[in-house]
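Structure first, then comments.
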Amino acid sequence: ADEAGLPVTARFAVGDIEGFAPFSQLTDGQPATRPTKLETGSFMFYTSGTTGNPKGVLYSHRSTYLHALAAAQNSAFGLSSLETIMPIAPMYHANAWALPYMAPMCGAKLVLPGLEMDGASIHDLIDGEQVSFAGAVPTVWTMLFDYLEETGRTVESLKRTIIAGSAVPRAMIEKFHERYGVIVLQYWGMTEMSPLGTVATPTAEVEALPPEKRTEVLQKQGRIQFGAELKIVDGEGKEIARDGIAFGDVWVKGPWIASGYFKEEGGNVRDEDGWFPTGDVATLDEYGYLKITDRTKDVIKSGGEWISSIDVENAASSHPEISQCAVIGVYHPKWEERPLLIVVPVKGANPDRGEILAFLENRMAKWWLPDDVVFVEELPLTATGKVRKTALRDTYREYLISN
């Protein structure tokens, strides 16, 4: 659209909308593209490569269709023809989370942003197109917050947003709701899952909980959606207790979950019963809500005990002078690994290492505290906006030894 800095030659809409040409003008006279078999491949996407080399994942027409149906339901995104939907996540990021398919499925207005993902451009699109529902990774919303705070502007039309790609800091959820009146639906998934897995929408049981407990549950990654299955197992393959404390490896299966990778990279990744190993470590509470504690490759093992980099990052993100942060495990001669906190300060702020560590002391176990804080201008990101922890580990692997 012209608001996103791209030239406009025509505007198209599904249905009769003033100022827009009918969508049929784009399709009339075009060759039929309906597949003869629903299992025919429709798209190939590559994993983000945050923990290793990107691998190709092939989606079929059937898996894409079923995934969009499930994601649009009230238990998930709860979409209808009354919404104006903007997937800020790009199409190459797991089909923009299937939002471009859900919008026409529900008869909703669809807004596709252009190349500019800065806070001003995103705000102008939300405001100009009256976007009510949007989806993006946390880094995009951080840039929007910076712009809103600098200008004093708001996002009055925006009512709900889905956030995924990496764990959503509690501070971001609270800021969206308390300052801008926006409800955050945190969800979890991955490219291999098309990408939907769980969404933090309430059940009747959770809705009836005391407010503080309800908030605690809904700030997790959510509950599995109909059509998919999920289990968490320990090192011996036994399912863990659903107590919100015990943690283990997350496995999933379902009709929109990958059976393997392009050119069979990595071999047959599913077990004999069709379960796919996600590479995530998580807990499951008594209400069935998942909480990701880390990626298997990002867990910090210090002196034989695990430290969740995600939990440390969430605590640090609530500091008022921290814009973005990442926690990685770096080599330590005695403890094998220790956490290192890498921080991008808020624009104009000059946070102090000692003050940040003091801020974290009452928010985690003492042995979880980072051994040091490194200040940087920016974090290395993938094309989809996720932090490239492989690059950080390469850069800071021996930081504690050399410092």
Quiz item: Under the rule of -39500 (n - 2.57) per DSSP H run of 4 or more residues, summed and divided by the residues of the chain, what mean residue ellipticity at 222 nm is obtained, to the nearest 500 deg cm²/dmol?
Solution: -7000 deg cm²/dmol
Quiz prompt | Karplus (6.51, -1.76, 1.60) ³J(HN,Hα), θ = phi - 60°, over region 276-284, in Hz, Gly and Pro reported as x | solution = 9, x, 7, x, 9, 10, 7, 10, 9
Quiz item: Sequence-distant or interchain residues sharing an amide H contact under 5 Å with PHE43, placed H: which?
Solution: TYR59
Self-check item: Relative contact order (percent, whole number), the chain, Cα cutoff 8 Å, 6+ residue spacing
Solution: 13 percent
Quiz item: Tell me, what ³J(HN,Hα) does each residue in region 318-331 have, in order and in whole Hz, if you take phi through Karplus 6.51 cos²θ - 1.76 cosθ + 1.60 with θ = phi - 60° and put x for Gly and Pro?
Solution: 7, 6, x, 9, 10, 8, 9, 7, 8, 10, 10, x, 10, 4
Exercise. Amide H neighbours of VAL374 under 5 Å, at least 5 residues apart or on other chains, H built in the peptide plane: list them.
Key: LEU341, ILE342, VAL343
Self-check item: Cα-Cα pairs of region 215-321 separated by more than 23 Å (percent)
Solution: 35 percent
Quiz prompt | GNM result for the chain, Cα springs below 10 Å: residue of LYS297, LYS366, LYS231 fluctuating most strongly | solution = LYS366
Exercise. Collect residues whose amide H, placed 1.01 Å from N in the peptide plane, falls under 5 Å from the amide H of ILE322; neighbours closer than 5 in sequence don't count.
Key: VAL346
Practice problem: With mean projected area of the Cα convex hull in nm² in mind, check (i) 25.0; (ii) 19.3; (iii) 21.9 and report the label derived from this structure. | Solution: (iii)
Self-check item: Percentage relative contact order, region 300-402, counting C-alpha pairs under 8 Å, at least six apart
Solution: 28 percent
Quiz item: If we count every other residue with Cβ under 14 angstrom of SER259's Cβ, Lys/Arg +1 and Asp/Glu -1, where does the sum land?
Solution: -2
Exercise. Determine, for ARG179, ARG338, the number of other Cβ atoms within 10 Å of each Cβ, and report the residues in order from fewest to most.
Key: ARG179, ARG338
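Taking a threshold of 27 Å on the Cα-Cα distance, which of the pairs LYS347/LYS389; LYS55/LYS334; LYS213/LYS297 fall above it?
Flagged as over cut-off: LYS55/LYS334; LYS213/LYS297.
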Exercise. At 18 Å minimum axial length over the Cα atoms and a Kyte-Doolittle cut of -1.0, report the qualifying DSSP H helices in the chain, or say none.
Key: 138-151
Self-check item: Inter-centroid distance (Cα atoms) of region 331-403 relative to region 41-90, Å
Solution: 32 Å
Practice problem: Multiply the residue gap between ALA391 and ARG170 by 0.36 nm, knock off their C-alpha separation, and tell me the result in nm, one decimal place. | Solution: 77.0 nm
Self-check item: Translational diffusion of region 284-403, µm² s⁻¹ [Kirkwood Rh, Cα pairs; Stokes-Einstein; 10 °C; 1.306 mPa s]
Solution: 106 µm²/s
Exercise. Quote the FRET efficiency, to the nearest 0.05, computed for GLU355 versus ALA246 with a Förster distance R0 of 41 Å and r equal to the Cβ-Cβ distance.
Key: 0.75
Practice problem: Please turn the phi angles of region 240-251 into ³J(HN,Hα) values with the Karplus equation 6.51 cos²θ - 1.76 cosθ + 1.60 (θ = phi - 60°), one per residue in order, whole Hz, x for glycine and proline. | Solution: 7, 5, 8, 10, x, 10, 4, 10, x, 8, 8, 10
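No lab work stands behind these numbers, since they all come straight from the coordinates. Note that the structure is predicted; figures quoted are calculated from it, not measured. For neighbour counting, all protein chains shown are included, and Cβ atoms are generated from backbone atoms with ideal geometry for every residue, glycine included.
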